[in-house]
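The values are calculated or read from the model by the stated rules, or taken from the named source; none is laboratory data. Please read these numbers as outputs of a predicted model, since none were measured by experiment. Cβ: placed from backbone, ideal geometry, glycine included. Neighbour counts: every protein chain shown.
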Amino acid sequence: MKNLKFKKQKKELTINQKINRRNFISFSAFFALSSAAAVGWKWLYNSPQESTGVTAGAHKPLRRALNKTELFFRNFYSNNHLVKTYSKDRAAKNIRVNSDIGIDDEGFNVETWRLEIKKNNGQVVRLTIDDIKALPKTELIFDFKCVEGWDQIQHWAGVKFIDLIGHFKLEDQITMPYVGMETPNGEYYVGLDTESALHPQTILAYEMNDKPISNVHGAPLRLIIPVKYGIKNLKRIGTISFSDKRPKDYWAERGYDYYSGL
Ligand SMILES: Nc1nc2c(c(=O)[nH]1)N[C@H]1C(S)=C(S)[C@@H](COP(=O)(O)O)O[C@H]1N2
Ligand SMILES: [Mo]
């Protein structure tokens, strides 16, 4: 009996000790983790900014992480993956207008506009809107997403970029990993990975809601690339070029993600 009581006491003591030990461990862990987080934050905060080039505005470690994420998504999503499409009656009657950089010049003349495809050997393929309309037409009704936080189901039609490449025998150009597109006045420009440009739902659009594209939406020809955010959907394409290096990109220069994929 005496012996048992003694044993019980000893046991209780052990439980208390255990509680103390656990408290100690959790507090130490909490302290260690918070210090690590604080040191990590300080490191990131004091880390050098990337040098301003194609992209800008991010601390170098963050940009490295962004580029890694880009690689992951590029490997993960292939061109077999299609963006969700909708029936025509779901499409907005009034297409939202976002911004007009590079398409606000008074003197612009749709009649004299030409699409210039700059080949890497220096040759330029110049096309009228009728040359482009003569190619097979593809319609697309999808949910357009702007990084500023709005989206809208819209109805566009035009030629698939990959069809244009095939028709004008530009296969040798798309061996290069990047495609650059600019407005005729060069004020807005986007850089795209060639793979996304060749996605079967990427179109050079000349119609919205079955009518020619209006000026504010990028007449006479704009890019519709549903695997990317709105910022990459260049309105009023003037030139297209191909490159080994990332072409300049208006919003990437201002800190947005270069890839901007969905
Ligand atoms: N030339 C040009 N293209 C542009 C832009 C622009 O300012 N200028 N804005 C982009 C952004 S941020 C979005 S969301 C879409 C908006 O297209 P919308 O005005 O037809 O809705 O166009 C993109 N293409
Ligand atoms: Mo946008």
- request: Just give me the residues in region 112-125 being closer than 15 Å to residue 236 by Cα and in a strand (DSSP E or B), in sequence order.
  value: 115, 116, 117
task: Go over the candidates 227, 147, 216 one by one and state the one that is touching a Ser or Thr at 6+ places or on another chain (Cβ under 6 Å) and among the hydrophobic types (A, V, I, L, M, F, W, C).
output: 227
- line: Turns out the strands (runs of 3 or more DSSP E) fully within region 158-252 with at least 1 residues that are more than 16 Å from ligand 2 (Cβ to nearest atom), more than 19 Å from the chain's Cα centre (by Cα) and among the aromatic types (Phe, Trp, Tyr) are 203-208
- request: Could you check residue 184 against (1) surrounded by fewer than 21 Cβ atoms within 10 Å (Cβ to Cβ); (2) more than 10 Å from ligand 1 (Cβ to nearest atom) and say which number it fails?
  value: (2)
field: Whichever residue in region 135-152 is more than 16 Å from ligand 2 (Cβ to nearest atom) and in contact with a helix residue (DSSP H, G or I) (Cβ under 9 Å, 6 or more places away or on another chain) and, among such residues, is farthest from residue 84 (Cα to Cα)
entry: 135
Filter result (within 30 Å of residue 65 (Cβ to Cβ), away from ligand 1 (no atom under 11 Å from the Cβ) and out of contact with any helix residue (DSSP H, G or I) (no Cβ under 8 Å at 6 or more places or on another chain)) within region 205-237: 226
query: Quick one: in region 80-128, which of the residues that are without any contact (Cβ under 8 Å) to a residue 40 or more places away in the chain and basic (Lys, Arg) is farthest from residue 176 (Cα to Cα)?
result: 114
task: Please find, among 115, 127, the residue that is surrounded by 15 or more Cβ atoms within 10 Å (Cβ to Cβ) and within 16 Å of ligand 1 (Cβ to nearest atom).
output: 115
- request: Kindly indicate whether residue 147 is outside any helix (DSSP H, G or I) and touching a strand residue (DSSP E or B) at 6+ places or on another chain (Cβ under 7 Å).
  value: no
message: Among the residues that make up region 238-256, is at least one of them surrounded by fewer than 19 Cβ atoms within 10 Å (Cβ to Cβ), within 12 Å of ligand 1 (Cβ to nearest atom) and at pLDDT 95 or above?
response: yes
query: In this structure, is residue 169 surrounded by fewer than 22 Cβ atoms within 10 Å (Cβ to Cβ), within 16 Å of ligand 1 (Cβ to nearest atom) and over 23 Å from residue 91 (Cα atoms)?
result: no
message: Here are the criteria: (1) within 16 Å of ligand 1 (Cβ to nearest atom); (2) small (Gly, Ala, Ser); (3) closer than 24 Å to residue 241 by Cα. Tell me which single one residue 92 does not satisfy.
response: (3)
